[in-house]
Amino acid sequence: MTFIPCQIIADLQFYIQSHPGAETVPEEIKAKWENIIPPQHQIVLLDHPQITTHAAFGVQQGNHWFTVIFDDTFQYVYVFNCIFLNTIQEEKTHDDWTVWNGPQLWTLVADLTNWKLGSKII
């Protein structure tokens, strides 16, 4: 599993706000990502992208932080403790990931980690 630092995700979210619909990560964010990853891990990821099939990271929406795991193998997204309600908190089994730009973040994380995008996301 690859853990993506919050600063990279924050950079991607800022990029999404200014570039709606973008499908590739800008070079300056890729360079920052490559500087964070240990050199030996970079080589393994480039030579064997199938090894990294999960990416875990924190997302901030307003004053709320939550954990997200993208599973490239089965094209699943797991969101932990993400509740976007106006008045009360309630247990939810499905998240409206468009609220936090999940679909575009999925595309950009796939570009960042060299995943091939699938046709379905659950």
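Kindly indicate whether TRP33 is modelled with pLDDT under 85, assigned to a helix (DSSP H, G or I) and within 18 Å of PRO5 (Cβ to Cβ).
Here the answer is yes, as TRP33 does meet what is asked.
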Select from segment 1-22 the residues that are under 12 Å from the mean Cα position of the chain (by Cα) and small (Gly, Ala, Ser) and list them in ascending order. ALA10
Based on this model, can you work out whether PHE57 counts as under 18 Å from GLN104 (Cα atoms), of a type outside the set (Val, Ile, Thr), touching a helix residue (DSSP H, G or I) at 6+ places or on another chain (Cβ under 8 Å) and at pLDDT 80 or above? yes
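The values are calculated or read from the model by the stated rules, or taken from the named source; none is laboratory data. This one's a predicted model, so the numbers in the text were calculated from it and none came from an experiment. Methodologically, a virtual Cβ is constructed for each residue, glycine included, from the backbone with ideal geometry; neighbour enumeration extends over all protein chains shown.
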